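To keep things clear, I will list the structure first and then write my remarks on it.
Read-outs: derived from the displayed coordinates by stated rules, not from any lab. Here the structure is a predicted model, which is why all the values come from computation and not from measurement. Cβ: placed from backbone, ideal geometry, glycine included. Neighbour counts: every protein chain shown.
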Amino acid sequence: MSDRDGQPILLEMVGMRKQYPGVLALDDVGFNLRAGEVHALVGENGAGKSTLMKLMAGAERPDGGTIYLRGEPQRFAGPLEAMRAGISIIYQEFNLVPTMSVEENIYLGRQPVHGAGFVNWRALRAGASDLLGRLRADIHPGALVEALSVAQQQMVEIAKAVALDASVIAMDEPTASLTDREIERLFELIDRLRAEGKGIIYISHRLEEIERLADRVTVMRDGRWVCTEPREQLPRDEMVRRMVGRELSSQYPVRAAAPGEVLLDVRGLSRRGVLHDVSFSVRAGEIVGLAGLVGSGRTEVARALFGVDARDAGEITLHGEPVVVGHPAQAVAQGLGFATEDRKGQGLVLGMTVRENTTLASLPLVSRLGFVSAAREVELAERYRADLQIRTPGIEQAVQNLSGGNQQKVVLAKWLCREARLLILDEPTRGIDVGAKAEIYALMNQLTAQGVGILMISSELDEVLGMADRILVMREGRLAGELSSAQATAELVMRLATGVEAASPAAT
Ligand SMILES: Nc1ncnc2c1ncn2[C@@H]1O[C@H](COP(=O)(O)OP(=O)(O)OP(=O)(O)O)[C@@H](O)[C@H]1O
Ligand SMILES: [Mg+2]
């Protein structure tokens, strides 16, 4: 089977339908993938992208529709069958076993064995080293997954999918937590896989990645197929318009910043080998951006402030009073909030409902005389569901049933609800679609207008430049410099972050 472009169709899905309680996640969706192409799948949070991939990979059963692989109809009883048929998927939410090593995860369930059936550890190590080498990932194959950073775990997830040598490889937001350099390596790998004739499905909210990679783009909205076009025929604003079904005005709201008195003051914050003499302050009503490369110590600053990690030295005051943080609960009691980047590990209790997760960190707010007021809880959860446009049939839905981006919104709701005086937001819009990002920025503005101070960590330079009143740039555990929003440009921030002077005009 091939289409008019002559490239053979590897995979085709016709009339895919998936009904969850209260949500029609997929409604008659069609999709096809050619050999040797990168086909991007875009759409707002909850549009149905991950669900479509789960049906394709046999992880969920469709309620209707047929999947053809090289023209043959398939019926996968489970993920293993799909894997054997040559379909491999990198899930948005990692699927690694934290207590196992990197190499064991890469070959999970299909380790090379000796004749007698024992695991061939040497082959395992060699294979894993080779794969990680191809990704140029600096990760030891014997390391435990739980000891890796989020970005490293993502690389392992990618190595695992590539190890299968599948003909169809789906990547569901693979770059969400990678550094720029890792992203470039991944893109090189994708280019290679495409050249080898594999079909790649690529899901991302970062439209510049779509522009860089995709041959074709399929847009989904509300569980439906909207269009499939060659990438050149879908410029970015048109893509966005089809995703959200309306025009989007400027993404970054105008900020009328009027920073007040110093709210948070940090002096000489140090943690051996990680942070070195970090000093800065955040004023009431101010958004301070913390920029820097992944691994530069941004998250470590947040963790030390919040009492997740101990500090070796440093004074922290909030409203002029010394902050004693030995433990996150103390930090919360003193008015600090911390929306983490790792929503699965630290942000949410997946088995609990949207309502419970929203009010989790705010029990004093919803309790009277030690009893939780159900009415107040419902009121708060409903308010943030509306403000953040959390897409769910109701606040009693378990968070694990929400789409990735909507889970991220619940993490934010949890901390917004807590009414912290100083809010630390670590990658607040990761995995969030273009429409909802603007809502989150507007909400940040509302908070600062009420005098809340925000320390925002973000790898998206656009976002830092668009939202922060002041930008602190970190490099190797130190503050490398500070820029006002008026001075800051992408180039200046990158120069501070990398320590590399801009290329001077070629000397003649
Ligand atoms: N197990 C489940 N139970 C109930 N509803 C679900 C389940 N999985 C997904 N849904 C719902 O199906 C819809 C589509 O979700 P899906 O995860 O496919 O969205 P998505 O396009 O991947 O979004 P995102 O960009 O946020 O990752 C959402 O409304 C989601 O809440
Ligand atoms: Mg998804």
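Observations, loosely collected:
- Gyration tensor verdict on the chain (Cα atoms; rounded if a/c is under 1.5, prolate if a/b is larger than b/c, oblate otherwise): prolate
- Structural descriptor for the chain: relative contact order 15 percent, calculated from alpha carbon pairs under 8 angstrom and at least 6 residues apart.
- Among the listed pairs K49/K198; K54/K414; K18/K54; K18/K160, those beyond 22 Å (Cα-Cα): K54/K414; K18/K160
- DSSP-assigned coil residues among trypsin sites (Lys or Arg not before Pro) in the stretch 1-99, each with at most 15 further Cβ atoms within 10 Å: R4, R70, R75
- Cα-based shape type of the stretch 122-191, given that a ≥ b ≥ c are square roots of the gyration tensor eigenvalues and the cut on a/c is 1.5: oblate
- Relative exposure of S484, S167, S403, judged by other C-beta atoms within 10 Å (fewest first): S484, S167, S403
- Among the GluC sites (Glu not before Pro) in the stretch 239-334, those placed in a DSSP loop whose Cβ has at most 13 other Cβ atoms within 10 Å are E247, E261.
- Helical mean residue ellipticity (222 nm; -39500 (n - 2.57) per DSSP H run of 4+; nearest 500) of the chain: -9500 deg cm²/dmol
- Proximal lysines relative to K409, as straight alpha-carbon distance under 16 Å, when same-chain residues fewer than 8 apart are discounted: K344, K437
- Where chymotrypsin sites (Phe, Trp or Tyr not before Pro) fall in DSSP loop in the stretch 88-193, at most 16 other Cβ within 10 Å: F118
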